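Worksheet for the structure shown next.
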Amino acid sequence: YDNDPERVAAFCEKYPEVKVATSFEDILNDEKTQLVASAAIPHLRADIGIQVMESGKDYFTDKSPFTTLEQLAEVKKVVEETQCIYAVYYAERLHNEAAWHAGELIKQGKIGRVLQVINLAPHRLAKATRPDWFFDKSAYGGILTDIGSHQVEQFLSYAQCEDASINYARACNFNNADKPGLEDFGELSLTGDNGASFYSRVDWYTPDGLATWGDGRTFITATKGTIELRKYIDPARKAPASMMLLVDADGEQEIDCLDKSGFPFFGQLILDCLNRTENAMTQAHAFKAAELSMLAQSIADQSD
């Protein structure tokens, strides 16, 4: 369902077998539907999720899942009341094969205890193609709330933290004075509850000459090895790419992860919905990543 007929037509052209609902209520009232996915404007996602869960269905939303801490608090209440799942598409780990493989190796103890994660996340602005809400901070929640939620989730996963404290956060509009609601650069530093450290930079400064939308990199330092992830491109060598550079006691490896994993998260989430488990991602983890990114955004906003 979409309230824009042009988007519906474009979707149906790509997926001609799809069934189109005439209203959102059709989905909520459909007894066969067990999971509802949404990629609505960020500030609308929480309310959609509440309606979905109150109808007895699980919910899967694009990141960021919230734009305010008040939305998070309300959704937590509804999850508790309904026992439904509020799942989040943190794509930069869940839908990237190098990022996923890194997590599996860490779980296996391949590089030991993770001490630090550095995450660099440039994105292409493509200003002329963006809808008006993209430049409305009340709609997207700020750059740390939005893109930053991906990055915080990766840190919590790789460092195996349940919580973290915020050391520093900043968000700026450096070069887009014509769009005062846009934050085009952000950075934050966290310390995990187990002592691991994290730094992330998020921005809208991918150069026009790059073959993909962003040269996302992750650097993981652990007690027995290091990992570098080149998640979308290996500049001047390969695009698209999903590369891992692993160094441990056995030596140096360059591992091509592209088209290798099959993205297990999605099957795990389906099984969680069917079996009432939380193997794909715990609810607490999904909420904590969003909470920390919004708290960092709040600190950045106060320092303006």
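One residue stands out in region 167-185 among those that are of a type in the set (A, V, I, L, M, F, W, C) and without any contact (Cβ under 8 Å) to a residue 24 or more places away in the chain: the one that is surrounded by the fewest Cβ atoms within 10 Å (Cβ to Cβ), namely Ala177. Residue count for region 30-43 under the criterion of being open to solvent by 60 Å² or more (accessible area, probe 1.4 Å) and farther than 20 Å from Ile270 by Cα: the result is 1.
Looking at region 124-215, the strands (runs of 3 or more DSSP E) lying wholly inside it that each contain 3 or more residues that are touching a Cys at 6+ places or on another chain (Cβ under 8 Å) sit at 185-192. The set of residues in region 194-241 that are of a type in the set (A, V, I, L, M), closer than 22 Å to Phe155 by Cβ and out of contact with any Ser or Thr (no Cβ under 9 Å at 6 or more places or on another chain) comprises Ala196, Val202, Ala222. In the set (1) under 29 Å from Pro207 (Cβ atoms); (2) part of a loop (DSSP other than H, G, I, E, B); (3) not acidic (Asp, Glu), the condition left unmet by Ile118 is number (2).
Considering Ala102, Ala73, Ala98, Ala46, the condition of being part of a helix (DSSP H, G or I) and touching a Lys or Arg at 6+ places or on another chain (Cβ under 7 Å) is satisfied by Ala98 alone. When restricted to residues that are touching a residue at least 40 places away in the same chain (Cβ under 8 Å) and open to solvent by 50 Å² or more (accessible area, probe 1.4 Å), region 231-265 contains 3. Of the residues making up region 30-39, none is at pLDDT 95 or above, under 24 Å from Ala296 (Cα atoms) and of a type in the set (Asp, Glu).
List every residue pair whose Cβ atoms sit under 9 Å apart, with the two residues 6 or more apart in sequence or on different chains, where the first one lies in region 123-142 and is farther than 14 Å from Val202 by Cα and open to solvent by 40 Å² or more (accessible area, probe 1.4 Å) and the second, anywhere, is of a type in the set (Gly, Ala, Ser) and assigned to a helix (DSSP H, G or I). Listed pairs, sorted by first residue: Asp132/Ala139; Trp133/Ala139.
The values are calculated or read from the model by the stated rules, or taken from the named source; none is laboratory data. Quantities reported herein were computed from a predicted structural model and do not represent experimental measurements. For neighbour counting, all protein chains shown are included, and Cβ atoms are generated from backbone atoms with ideal geometry for every residue, glycine included. In case anyone asks, the SASA skips ligands and DNA or RNA and just uses the protein heavy atoms, side chains included. Shrake-Rupley method; radii C 1.70, N 1.55, O 1.52, S 1.80 Å.
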